[in-house]
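> Handing you this structure, nothing more for now.
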Amino acid sequence: MIYKLKFLGGLTLLLGALPLAQAHVTLQTPTASVGSSYKAILKVGHGCDGSDTTGIRVQIPEGVVAVKPQLKAGWQIETKDGTYAQPETLHGAKIDHGVREISWTGLLPEAFYDEFSFVGTIASSLKPGQTLYFPVVQECKKGVSRWIDTTGKAGVSNPAPSVKLEKAQGHHGAHSH
């Protein structure tokens, strides 16, 4: 299916893969460095089978610490705290608990796209090559979409947003947020 959109001065943009590319809730940046800060931007391109989105809930995986969600105009934010499986040292202080889940509640009409952001630190105890999964539940006026599959298998219908870990980028990463 090809969509043809006209823009200023007769310029035309063809969007062939857009519906498929935005078929799932995804992370804008698919890689992160171990021991560094990471800005997660969840991209939401559609509702649930044509129904407006009313809530986005993301689970924070083990090894992502010191999480802070970004305020979003028109949306309520709630966080759930919990204990980390392994304490982490950040800026010289030991931390053993923090945000484990973020929920945004509001309205995203089906005809629009939006992003939901938060920052955190990728624990230095994690290994390059690992994949971290951020399961998301998308609530809609009619129905729910659960982007929760953490198997990493290609072609699953409900993949969780994920980030592949890379080798640390020098000494400044964890201090940048």
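The values are calculated or read from the model by the stated rules, or taken from the named source; none is laboratory data. Keep in mind that this is a model prediction, so the values were computed, not measured. Virtual Cβ from ideal backbone geometry, glycine too; neighbours counted across all protein chains shown.
> What about LEU71, is it at pLDDT 95 or above, loosely packed, with under 12 Cβ neighbours inside 10 Å and either in a strand (DSSP E or B) or under 15 Å from the mean Cα position of the chain (by Cα) (or both)?
yes
> On to the next question. Do you know which residues across region 55-68 are within 12 Å of VAL119 (Cβ to Cβ) and loosely packed, with under 15 Cβ neighbours inside 10 Å?
At the first step, the residues of region 55-68 found to be within 12 Å of VAL119 (Cβ to Cβ) are 60, 64-68.
Within region 55-68, just LYS68 meets the criteria.
> Test of understanding: among THR89, THR105, which residue is in a strand (DSSP E or B), of a type in the set (Ser, Thr, Tyr), closer than 14 Å to ARG57 by Cβ and more than 15 Å from the chain's Cα centre (by Cα)?
Details: THR89 fails: closer than 14 Å to ARG57 by Cβ.
Just one listed residue meets the conditions, THR105.
> A follow-up question, please. I'd like the full set of residues that are touching a Leu at 6+ places or on another chain (Cβ under 9 Å) and not in a loop (DSSP other than H, G, I, E, B), limited to region 48-68.
Of everything in region 48-68, those that are touching a Leu at 6+ places or on another chain (Cβ under 9 Å) and not in a loop (DSSP other than H, G, I, E, B) turn out to be THR53, THR54, ILE56, VAL58, VAL64, VAL65, ALA66.
> Check ARG146 against each of (1) of a type in the set (D, E, K, R); (2) part of a loop (DSSP other than H, G, I, E, B); (3) under 20 Å from LEU27 (Cα atoms) and name the one condition it does not meet.
The one condition ARG146 does not meet is (2).
> Specify the residue that is farthest from VAL58 (Cα to Cα); the eligible residues are those in region 92-102 that are surrounded by fewer than 10 Cβ atoms within 10 Å (Cβ to Cβ) and among the small types (Gly, Ala, Ser). Break it down stepwise before answering.
First, the residues of region 92-102 that are surrounded by fewer than 10 Cβ atoms within 10 Å (Cβ to Cβ): 92-94.
Next, from what is left, pick out any that are among the small types (Gly, Ala, Ser): 92-93.
Working: GLY92: 28, ALA93: 26 Å.
By that ranking, first place goes to GLY92.
> Give region 126-143 a look and list any residue that's part of a strand (DSSP E or B) and under 17 Å from the mean Cα position of the chain (by Cα), or say none.
THR131, LEU132, TYR133, VAL136, VAL137, GLN138, GLU139
> Tally the residues that are part of a strand (DSSP E or B) and either among the acidic types (Asp, Glu) or loosely packed, with under 14 Cβ neighbours inside 10 Å (or both), restricting the search to region 74-86. Before the answer, list the steps.
Step one: filter region 74-86 for residues part of a strand (DSSP E or B), giving 76-86.
Of the ones still in play, those that are also either among the acidic types (Asp, Glu) or loosely packed, with under 14 Cβ neighbours inside 10 Å (or both) are 76, 78, 80-83, 85-86.
The number of residues fulfilling the criteria is 8.
> Could you grab me the full set of residues in region 149-173 that are touching a strand residue (DSSP E or B) at 6+ places or on another chain (Cβ under 7 Å) and hydrophobic (A, V, I, L, M, F, W, C)?
Answer for region 149-173, where residues must be touching a strand residue (DSSP E or B) at 6+ places or on another chain (Cβ under 7 Å) and hydrophobic (A, V, I, L, M, F, W, C): VAL156, ALA160, VAL163, LEU165, ALA168.
> Give all pairs with beta carbons closer than 7 Å in which a residue from region 96-114 that is more than 14 Å from LYS141 (Cβ to Cβ) meets a residue that is in a loop (DSSP other than H, G, I, E, B) and of a type in the set (A, V, I, L, M); count only pairs at least 6 apart in sequence or on separate chains.
Close Cβ pairs satisfying both conditions: VAL99/ILE60; ARG100/ILE60; GLU101/ILE60.
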